[in-house]
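Have a look at the structure below, then the notes.
The values are calculated or read from the model by the stated rules, or taken from the named source; none is laboratory data. Quantities reported herein were computed from a predicted structural model and do not represent experimental measurements. Cβ: placed from backbone, ideal geometry, glycine included. Neighbour counts: every protein chain shown.
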């Protein structure tokens, strides 16, 4: 049997923190390995308990969610960061993606979707709240170019399509029968040509333009 996905919950509101932890712990596929009241505690507990996913609120005292996310991605790149916040503001979404967040969710989402999102980001698949993704795609769709994908080669388009499916580099390499190093090069070129900061932005964009 596979080991459960290890999750750390960081939120400054005790009720939200403990309620979220109880929800996640009720699923046998997940194991809650720590609760943090602020970003600094989240960093310390991550170093000590090595979670697979940190579920992170944006607005916390001592060290805020954006600063904590940036440090987590720098110091613990193997740990995914999933933002869970009340904010549906696009600037907060973009800021979180720019500092390396693997996903962005709002707190009014159904509990079952939260569980699946945690499992998804642990697998390397980006997750963005549906309403937020829709607005982001609408904005990205307004880029000043007739064909926003025109700069990509055919192979880069194939890689982008597979990114949108949530595949990891190894899985993309297997699907296209190329080396993983070549996939990494294509992903880097896609991000550079389309001016994206990370795979989550690219995947959301591709869902609209290649779907």
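Looking across the range 3-56, the residues that are exposed (fewer than 15 other Cβ atoms within 10 Å of the Cβ) and touching a helix residue (DSSP H, G or I) at 6+ places or on another chain (Cβ under 8 Å) come down to 29, 47.
Yes or no, residue by residue, for (1) in contact with a helix residue (DSSP H, G or I) (Cβ under 8 Å, 6 or more places away or on another chain); (2) at pLDDT 80 or above; (3) part of a loop (DSSP other than H, G, I, E, B); (4) farther than 22 Å from residue 82 by Cα:
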position: 143; (1), (2), (3), (4): no, no, yes, yes
position: 166; (1), (2), (3), (4): yes, no, yes, no
position: 186; (1), (2), (3), (4): yes, yes, no, yes
position: 201; (1), (2), (3), (4): yes, no, no, no
position: 206; (1), (2), (3), (4): yes, no, no, no
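Test residue 95 against the criterion of being farther than 21 Å from residue 18 by Cα, assigned by TED's automatic domain parsing to the domain that holds residue 31 and not in a strand (DSSP E or B), and give yes or no.
Answer is yes for this residue.
Of all the listed residues (63, 84), the sole one being at pLDDT 90 or above, surrounded by 14 or more Cβ atoms within 10 Å (Cβ to Cβ), part of a loop (DSSP other than H, G, I, E, B) and assigned by TED's automatic domain parsing to the domain that holds residue 20 is 63.
For the range 67-81, which residues satisfy the criterion of being surrounded by 15 or more Cβ atoms within 10 Å (Cβ to Cβ) and out of contact with any strand residue (DSSP E or B) (no Cβ under 9 Å at 6 or more places or on another chain)?
We begin by selecting, within the range 67-81, every residue surrounded by 15 or more Cβ atoms within 10 Å (Cβ to Cβ); these are 67-73, 76, 79-81.
Answer for the range 67-81, where residues must be surrounded by 15 or more Cβ atoms within 10 Å (Cβ to Cβ) and out of contact with any strand residue (DSSP E or B) (no Cβ under 9 Å at 6 or more places or on another chain): 67, 70, 71.
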